[in-house]
Ligand code: FAQ
């Protein structure tokens with residue numbers, strides 16, 4: 001029964017009996033699978049959780065353009081370059097859908113974006129690692145977009161309408177991204193011994209950060225219990241991490257590459273792969289801004305913001321001019 005006090009992570013979730021009538025009616029709508037829309041009443045904590053998650057998600061898409069953008073000018077063929085450019089543009093599009101979704105919650109895009117630029121807002125840990133070789137572009141598509149899909153498909157059923165609807169299109173595009181990444185890995189794995197080594201090296205470096213990007217282990221995930229009660233999240237971080245591992249290991253086998261985990265083993269009883277410990281110290285260091293590329297990523301975003309000032313000013317001047325003309329007419 002829902003009315004049980006759920007306690008996972010470190011924050012407790014209220015039971016229906018503890019809610020006032022308005023909040024209880026809200027929770028009952030969620031339990032019945034009815035979407036919450038921007039103008040509906042919602043608890044302040046629900047709104048804040050969504051602002052936090054959707055803005056972090058938008059920032060991740062936006063910062064996520066940088067590691068891949070790094071290889072556009074060095075893609076190994078015209079075809080790969082065109083595909084990569086389209087992918088990086090898609091990520092910008094995802095950020096825009098998400099910034100639009102977050103604006104329906106009474107915050108401004110500029111406001112949440114300035115928090116990112118000031119280093120106050122989080123974005124996904126995974127984008128603070130460098131892309132050292134072309135194989136990293138394959139690994140990002142395969143593993144990072146692969147993780148993103150596992151995480152985002154359930155968000156298509158999230159209780160907040162604008163977020164759920166934005167995710168439908170994002171997921172379709174992410175699945176193309178995942179396939180293009182796998183296609184790069186396949187070409188390298190079937191290429192020369194040196195190309196295969198490059199693919200293996202890239203898998204070695206991206207595997208563990210891709211597992212960590214699903215978020216802290218359930219007992220450390222402070223937001224999961226409440227977000228699940230509100231159906232913003234449908235699964236815990238560990239459940240999604242396990243799903244990602246189970247679907248990705250056979251893909252690595254098909255490539256003839258080895259997952260860099262000596263403890264990885266199929267567990268007949270659980271019906272899942274067992275895996276080795278994740279380096280959570282590294283994860284939290286990266287989240288706190290001490291990863292290999294945190295400073296570089298924020299500097300790049302700040303530079304782009306400053307260099308784009310003339311365009312924003314021109315756009316506003318243009319809109320103001322038309323508004324004045326409309327008024328005069
Ligand atoms: N990095 O209590 P929980 C992509 C923070 S999009 C940094 O478990 P929650 C597409 C978390 O915010 C990738 N921080 O939190 C692409 C919280 O801190 P807070 C982004 C992290 O929210 C591909 C604290 O730790 N996807 O890849 C991370 O319930 C290729 C405690 O954690 C999304 O944002 C992390 N990895 O669960 C683009 C999906 N994990 O806020 C370009 C939507 C956790 O209390 C190229 N988000 N933290 O200060 C979610 O599903 C959730 O927010 C989780 C975290 C699952 C990420």
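Quick notes
- Sole residue being within 16 Å of the ligand (Cβ to nearest atom) and either surrounded by fewer than 17 Cβ atoms within 10 Å (Cβ to Cβ) or modelled with pLDDT under 95 (or both), chosen from 25, 45: 45
So that you can scan it fast, the table gives a plain yes or no per residue for (1) touching a helix residue (DSSP H, G or I) at 6+ places or on another chain (Cβ under 9 Å); (2) exposed (fewer than 15 other Cβ atoms within 10 Å of the Cβ); (3) within 20 Å of residue 118 (Cβ to Cβ):
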{"residue": "259", "(1), (2), (3)": "yes, no, no"}
{"residue": "267", "(1), (2), (3)": "no, yes, no"}
{"residue": "278", "(1), (2), (3)": "yes, no, no"}
{"residue": "282", "(1), (2), (3)": "yes, no, no"}
{"residue": "292", "(1), (2), (3)": "yes, yes, no"}
{"residue": "295", "(1), (2), (3)": "yes, yes, yes"}
{"residue": "298", "(1), (2), (3)": "yes, no, yes"}
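- Residue ranges of helices (runs of 4 or more DSSP H) in segment 93-194 with at least 2 members within 11 Å of the ligand (Cβ to nearest atom): 135-139, 146-152, 161-189
- Residue within segment 223-241 that is closer than 27 Å to residue 128 by Cα, within 16 Å of the ligand (Cβ to nearest atom) and in contact with a strand residue (DSSP E or B) (Cβ under 9 Å, 6 or more places away or on another chain) present: yes
- In segment 242-273, the residues that are part of a helix (DSSP H, G or I) and over 23 Å from residue 199 (Cβ atoms): 242, 243
- Residues being within 9 Å of the ligand (Cβ to nearest atom) and touching a strand residue (DSSP E or B) at 6+ places or on another chain (Cβ under 9 Å) - total across segment 48-69: 1
- All positions within segment 207-222 that are within 8 Å of the ligand (Cβ to nearest atom), part of a loop (DSSP other than H, G, I, E, B) and at negative phi: 213, 214, 216, 221, 222
- Criterion: closer than 23 Å to residue 42 by Cβ and not in a loop (DSSP other than H, G, I, E, B) - qualifying residue of 227, 202: 227
The values are calculated or read from the model by the stated rules, or taken from the named source; none is laboratory data. All figures in this text were calculated on a predicted structure; none of them were measured in a lab. No Cβ is skipped: glycine too gets one built from the backbone with ideal geometry, and neighbour counts run over all protein chains shown.
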